[in-house]
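Engineer: Below you will find the structure I want to go over with you.
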Amino acid sequence: MVIAVEGFENLGVGIDGTTPIAETLALAKEADALGFHSFWLSEGYHSRSAVVRAAVIATSTGRIRIGLGILSPHTKHPALLAMDAASLDEIARGRVILGVGTVLNALRKQALERAGAKQVVKEAVEITKRFLSGQSVQYEGTRFKIASPGSRLELDPSGNIPVYVGATGPAMLKLAGQYADGVVFNYPCTPSFIKYAMPFLHEGLRFSGRTVDNFAVAAYLLVSVDEDERKALAAAKRFVAQKLPTRHSDMLRHAGVSAEEIGLVKNNVEKLGLERAALELHDALVRKIVIAGTPDQVTTGLRQFLGSGLKLPIMWEIIGPERRHSLNLIAKEVMPKVYRGT
């Protein structure tokens, strides 16, 4: 069953690499059966490989699209990213989405040079799209070179593998609009941030002679749902305590999170440990960045994004205290309230 959302085109779900592969596969199969549009896998550094997990999911699902988001051309040459995506496409024809971007965590943990990141991503998008179109590629860039007489994939890509860019700042947002097929906003994404980002995307799209009508706008949204509001909030708190201090300052600013709040969370984690620091979190802070609560409360939270420019909300990582159950709640009690048809 393919479902169209009023104001949204579809609904996705995704997790990072800290979840065991067996659980990841179970969640992906559940999401496939429930009619979610896509299942997204981030490339954590250093946890489970997004490409390996995607291959397992590709062989065990039949409809759901598989998003690789976001892979870093700083850690893998764009030609190899194209090779991975095209190989997956052989298993899951027409279901693969390749996401590329800087991935600051990769730069930090592997001591990679951050200068020129925009150029790296620009060239990566150009190279991967050429390879995925089946072309023989010869490329002379600032950061990447493919020597004459060129090279091509030794397999036949479907020609239907979109390339999305993970973007936050103005320069990368314009780049995404100009060169890519879509954009993915990282968490904690809010309606305020999307409204801020859209003019930059539109500017990039104008450079390429396109409009947002043919451009995907996706975002990782932190969601935690359960019939019991307190359980939904509790499930979110550990994640927030762990991840909040590492988030992009622009995302946190648009969420209304202050430097003092970030510092307090970081200090509590260092002094008390993650579990106790999570218990110290105020509900009000959690609600700034997580759509948490009952199905009705989550429906209300999602509706706040209508009209912002967001097309594909992706329920990211938390999902709820028991994630397969929470997926079912979203499919059965949230979707019918935000979708206008089937």
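A short reminder: the numbers here are calculations on the coordinates, not readings from a lab. Just so you know, these numbers come straight off a predicted model, no measurement behind them. Note that each Cβ is placed from the backbone with ideal geometry, even for glycine, and that neighbours are counted across all protein chains shown.
Engineer: How large is the direction-averaged shadow of the alpha-carbon convex hull of the stretch 1-124, in nm²?
Structural biologist: Mean orientational projected area (the stretch 1-124, Cα hull): 8.1 nm².
Engineer: For the stretch 94-145, what is the per residue volume of the convex hull drawn over the alpha-carbon atoms, in cubic angstrom? All intermediate terms of the calculation are to be shown ahead of the outcome.
Structural biologist: Details: hull volume 4.6 nm³, N = 52.
For the stretch 94-145, the hull spanned by Cα atoms encloses 88 Å³ per residue.
Engineer: Follow-up. Sort the following peptides by mean Cβ neighbour count (other Cβ atoms within 10 Å, averaged over residues), highest first: 250-256, 267-273, 25-31, 175-181.
Structural biologist: Values: 250-256: 17.7, 267-273: 13.6, 25-31: 20.3, 175-181: 24.4.
Per-residue Cβ counts within 10 Å, averaged per peptide and sorted highest first, yield 175-181, 25-31, 250-256, 267-273.
Engineer: P(r) for the stretch 209-266, please, calculated from all Cα pair distances in 10 Å bins and given in %.
Structural biologist: All Cα pairs considered, the percentages come to 18, 37, 28, 13, 4.
Engineer: Using only alpha carbon pairs under 8 Å that are at least six residues apart, calculate the relative contact order of the stretch 1-108 and give it in whole percent.
Structural biologist: Numbers: 172 pairs, mean separation 26.5, N = 108.
Answer for the stretch 1-108 is 25 percent.
Engineer: Next question. About the Cα centre of the stretch 188-321, how large is the charge dipole given +1 on each Lys and Arg Cβ and -1 on each Asp and Glu Cβ? Please answer in debye to the nearest 20.
Structural biologist: Details: 17 positive and 15 negative charges, 66 e Å.
The dipole magnitude comes to about 320 debye.
Engineer: Continuing with this model, one more query. Calculate, in nm to one decimal, what residue 26 and residue 151 gain on full extension: separation in residues at 0.36 nm each, minus their alpha carbon distance. Intermediate values should be presented prior to the final figure.
Structural biologist: Working: separation 125, 0.36 × 125 = 45.00 nm, distance 3.80 nm.
Using 0.36 nm per residue and subtracting the Cα-Cα distance, I get 41.2 nm.
Engineer: Among the DSSP beta bridges whose two residues both lie in the chain, what percent are antiparallel, rounded to the nearest 5? Each step should come with its number before you reach the end.
Structural biologist: On the way: 5 of 39 bridges.
Looking only at bridges with both residues in the chain, the antiparallel portion is about 15 percent.
Engineer: Need one number: nm distance between label points at residue 325 and residue 297, each 7 Å from Cα along Cα→Cβ, rounded to one decimal.
Structural biologist: According to this spin-label approximation, the distance is 1.6 nm.
Engineer: Related question: What do you get when you divide the Cα radius of gyration of the stretch 156-243 by 2.2 N^0.38 Å, with N the number of residues? Show your work: numbers first, answer last.
Structural biologist: Working: Rg = 16.4 Å, N = 88, 2.2 N^0.38 = 12.1 Å.
Expressed relative to 2.2 N^0.38 Å, the Cα Rg reads 1.36.
Engineer: What size of dipole, in debye to the nearest 20, comes out for the stretch 106-163 about its Cα centre when the only charges are +1 on Lys and Arg C-beta atoms and -1 on Asp and Glu C-beta atoms?
Structural biologist: Numbers: 10 positive and 6 negative charges, 73 e Å.
With Lys and Arg at +1 and Asp and Glu at -1, about 360 debye.
Engineer: Which value in nm describes the separation of the simple spin-label points at residue 306 and residue 196, placed 7 Å from the Cα toward the beta carbon?
Structural biologist: Placing both labels 7 Å beyond Cα along the Cβ direction yields 2.5 nm.
Engineer: Let me ask you something else. Taking every pair of distinct Cα atoms and averaging 1/r, then inverting, what Kirkwood hydrodynamic radius in Å comes out for the stretch 52-175? Mind showing how you got there, number by number?
Structural biologist: Details: mean 1/r = 0.0670 Å⁻¹.
That comes to 14.9 Å for the stretch 52-175.
Engineer: So what is the diffusion coefficient of the stretch 135-204 in µm² per second by Stokes-Einstein at 10 °C and 1.306 mPa s, using a Kirkwood Rh over Cα pairs? Could you put the intermediate results ahead of the total?
Structural biologist: On the way: Rh = 14.3 Å.
Estimated via Stokes-Einstein, D reaches 111 µm²/s.
Engineer: Given Cα pairs under 8 Å that are at least 6 residues apart, what percent is the relative contact order of the chain?
Structural biologist: Numbers: 677 pairs, mean separation 66.6, N = 342.
Computed over the chain, the figure is 19 percent.
Engineer: From the mean inverse distance of alpha carbon pairs (Kirkwood) and the Cα radius of gyration, derive Rg over Rh for the stretch 27-89. Write out the running numbers ahead of the final one.
Structural biologist: On the way: Rg = 12.0 Å, Rh = 12.2 Å.
With Rg and the Kirkwood Rh in hand, the quotient comes to 0.98.
Engineer: Express the Stokes-Einstein translational diffusion coefficient of the stretch 231-342 in µm² s⁻¹, to the nearest whole number, given a Kirkwood radius over alpha-carbon pairs, 20 °C and a viscosity of 1.002 mPa s.
Structural biologist: Details: Rh = 15.1 Å.
Roughly 142 µm²/s, to the nearest whole number.
Engineer: Next question. With runs of 4+ DSSP H residues as the only contributors, calculate the mean residue ellipticity of the chain at 222 nm using -39,500 (n - 2.57) per run, divided by the residue total and rounded to the nearest 500. Please report the intermediate quantities before stating the final value.
Structural biologist: Numbers: 15 runs with 158 residues, N = 342.
Rounded to the nearest 500, it is -14000 deg cm²/dmol.
Engineer: Express the relative contact order of the stretch 178-236 as a whole percentage, based on alpha carbon pairs under 8 Å and six or more residues apart in sequence. Mind dumping the intermediate values first?
Structural biologist: Working: 51 pairs, mean separation 27.5, N = 59.
Relative CO of the stretch 178-236 lands at 47 percent.
Engineer: Moving on. Among 222-229, 330-337, what's the highest-first ranking by average C-beta atoms within 10 angstrom per residue? Could you put the intermediate results ahead of the total?
Structural biologist: On the way: 222-229: 22.0, 330-337: 17.9.
So the order, starting with the most tightly packed, is 222-229, 330-337.
Engineer: How large is the Kirkwood hydrodynamic radius of the chain, in angstrom, based on all distinct alpha carbon pairs? Walk me through the intermediate numbers first.
Structural biologist: On the way: mean 1/r = 0.0491 Å⁻¹.
With all distinct Cα pairs of the chain included, I get 20.4 Å.
Engineer: Could you let me know the centre-to-centre spacing of the stretch 63-92 and the stretch 285-342, using Cα atoms, in angstrom?
Structural biologist: 27
Engineer: With a point put 7 Å past each Cα toward its Cβ, work out how far residue 211 is from residue 45 in nm, to one decimal.
Structural biologist: Placing both labels 7 Å beyond Cα along the Cβ direction yields 3.9 nm.
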